[in-house]
Amino acid sequence: MNRSELETTAKAMVAKGKGILAADESSGTIKKRFDSIRLESTEEARRTYRELLFTTPGAAEYISGVILYDETLRQKTKDGTPFADYLKKLGIVPGIKVDAGAKALPGFPNETITEGLDGLRERLAEYYKLGARFAKWRAVIDIGDGIPSQFAIDANAHALARYAGLCQEANIVPIVEPEVLMDGAHSIERCEEVTSNTLAAVFEQLNAHRIYLEGMILKPNMVISGKKNTNRANAQQVAEATVRTLKRYVPSAVPGIAFLSGGQSAAEASEHLSLMNKLGPLPWALTFSYGRALQDEALKAWGGKAEGFAAGQKAFARRARLNGLAQTGSYTAKQEQDAA
Ligand code: 13P
């Protein structure tokens, strides 16, 4: 393990005014996204869409890193430059999703365990050669009747720490992502309780596994009401509850926290991040690692058509810039309208 390389990479991923683009949708997930614009998910369509995002003029000003999927890490721009090399030249760190997805946890109905540890050491060595300098592993914790169980939280925390150890051995910065879903009707208080238990278990396991905290990034959910809750907490409440929870459970040795968007609208995700950064000074950098909240507008503007390419890039550049502003606490709802 080269600690200074890990630290340098982690710091670059959470550089001021920048954040991470999660473009690591698995084949199943990207098909769902393309279905929404009635586009068939062929390998060439996926390549073209990723090229649209990565070659957006000006995006590198706000994007520090991109999470890729295995297929994308092996693809090239239309003039033949491997995506990883292209991003690196722009000063953007290429990363790779390495988990194999959340699968049913036997004996625990409606709960999952993320798989993908077998053969991971060898895969990471190959990914490093292909240019990846960070990785992502997503654990999924669902809130519902009688769930999550402490067992499922602990099993997922253990797998996250096993993954993080293998990454650091390979000089790849692990993004540790324990996602508490916002799909239910639960209150923000219930989300805070489950997120607290989850983060406590994750850092207990990270420490037990001797993870070098200075060489990792945490990717958590925000503390937020369930989508189906009829009396949802407002943006300021989300910002305060999230920062309070993170301060309790995330050691200051961790250089950065990069949120997932989890089903929030693009504007909500920008506003929440900005309000949190206004609550500073904070012990870690707080930034974005959004998938849907960065891409939804671009995907729609593109519409899968060659004539929509420039409009797709424009939409992506705009949202990347707004989130870059949110990273320094200087995004406002007014800019949302101005930039429209
Ligand atoms: P969303 O921002 O769409 O939740 O995706 C982020 C991600 O990478 C989930 O693993």
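Condition check: within 15 Å of the ligand (Cβ to nearest atom), out of contact with any Cys (no Cβ under 8 Å at 6 or more places or on another chain), closer than 21 Å to residue 169 by Cα and at pLDDT 95 or above. Does residue 99 satisfy that?
Against the criterion (within 15 Å of the ligand (Cβ to nearest atom), out of contact with any Cys (no Cβ under 8 Å at 6 or more places or on another chain), closer than 21 Å to residue 169 by Cα and at pLDDT 95 or above), residue 99 qualifies.
Looking at region 22-42 only, could you name the residues that are among the charged types (D, E, K, R) and in contact (Cβ under 8 Å) with a residue 60 or more places away in the chain? Lay out the reasoning, then the answer.
So the first thing to find is which residues in region 22-42 are among the charged types (D, E, K, R), and the list is 24-25, 31-33, 35, 38, 40.
24, 25, 33, 38, listed by residue number.
Give me the pairs, please: first residue somewhere in region 321-337 and of a type in the set (Ser, Thr, Tyr), second residue anywhere and in a loop (DSSP other than H, G, I, E, B), beta-carbon distance under 6 Å, and either six or more positions apart or on two chains.
Sorted first by the residue in region 321-337, then by its partner, the pairs are 328/17.
Can you find a residue in region 103-114 that is free of Cβ contacts under 8 Å to residues at least 24 places away in the same chain, surrounded by 15 or more Cβ atoms within 10 Å (Cβ to Cβ) and within 16 Å of the ligand (Cβ to nearest atom)?
Within region 103-114, not a single residue is free of Cβ contacts under 8 Å to residues at least 24 places away in the same chain, surrounded by 15 or more Cβ atoms within 10 Å (Cβ to Cβ) and within 16 Å of the ligand (Cβ to nearest atom).
Being under 19 Å from the mean Cα position of the chain (by Cα) and either closer than 22 Å to residue 7 by Cα or surrounded by fewer than 23 Cβ atoms within 10 Å (Cβ to Cβ) (or both) is true for just one of 200, 185, 135. Which residue is that?
Values: 200 fails: under 19 Å from the mean Cα position of the chain (by Cα); 185 fails: under 19 Å from the mean Cα position of the chain (by Cα).
After ruling out the rest, the residue left standing is 135.
Between a first residue in region 138-151 that is in contact (Cβ under 8 Å) with a residue 12 or more places away in the chain and a second residue that is part of a strand (DSSP E or B) and of a type in the set (Lys, Arg), which pairs have beta carbons less than 8 Å apart while being 6 or more apart in sequence or on different chains?
Close Cβ pairs (under 8 Å, with a partner that is part of a strand (DSSP E or B) and of a type in the set (Lys, Arg)) amount to 138/97.
Report the residue count in region 1-36 for those that are within 16 Å of the ligand (Cβ to nearest atom) and in a helix (DSSP H, G or I).
So the answer is 10.
How many residues does region 293-320 hold that are within 16 Å of the ligand (Cβ to nearest atom), under 21 Å from residue 64 (Cβ atoms) and in contact (Cβ under 8 Å) with a residue 40 or more places away in the chain?
6
On the given criteria, is residue 267 out of contact with any Lys or Arg (no Cβ under 9 Å at 6 or more places or on another chain), more than 29 Å from residue 117 (Cβ to Cβ) and touching a residue at least 60 places away in the same chain (Cβ under 8 Å)?
Criteria met by residue 267.
Residue by residue through region 59-90, note down the ones that are farther than 16 Å from residue 128 by Cα, surrounded by 14 or more Cβ atoms within 10 Å (Cβ to Cβ) and either under 17 Å from the mean Cα position of the chain (by Cα) or small (Gly, Ala, Ser) (or both).
If the condition is that a residue be farther than 16 Å from residue 128 by Cα, surrounded by 14 or more Cβ atoms within 10 Å (Cβ to Cβ) and either under 17 Å from the mean Cα position of the chain (by Cα) or small (Gly, Ala, Ser) (or both), then 59, 60, 62, 63, 64 are the ones that fit.
Under the condition of being more than 16 Å from the ligand (Cβ to nearest atom) and within 25 Å of residue 7 (Cβ to Cβ), which residue from region 255-282 is nearest to the chain's Cα centre (by Cα)?
Only one residue fits best here, namely 255.
Can we say residue 142 is within 24 Å of residue 162 (Cβ to Cβ) and either basic (Lys, Arg) or surrounded by fewer than 23 Cβ atoms within 10 Å (Cβ to Cβ) (or both)?
yes
Restricting to region 17-40, what's the tally of residues that are over 22 Å from the mean Cα position of the chain (by Cα) and surrounded by 17 or more Cβ atoms within 10 Å (Cβ to Cβ)?
Selection size over region 17-40: 1.
Residues in region 122-140 that are more than 13 Å from the ligand (Cβ to nearest atom) and either under 30 Å from residue 197 (Cβ atoms) or touching a Leu at 6+ places or on another chain (Cβ under 8 Å) (or both): how many?
The number of residues fulfilling the criteria is 5.
The values are calculated or read from the model by the stated rules, or taken from the named source; none is laboratory data. Computed from a prediction, not measured in an experiment: that's the story for all the values here. FYI the Cβ positions are ideal-geometry reconstructions off the backbone, even for glycines, and counts take in every protein chain you see.
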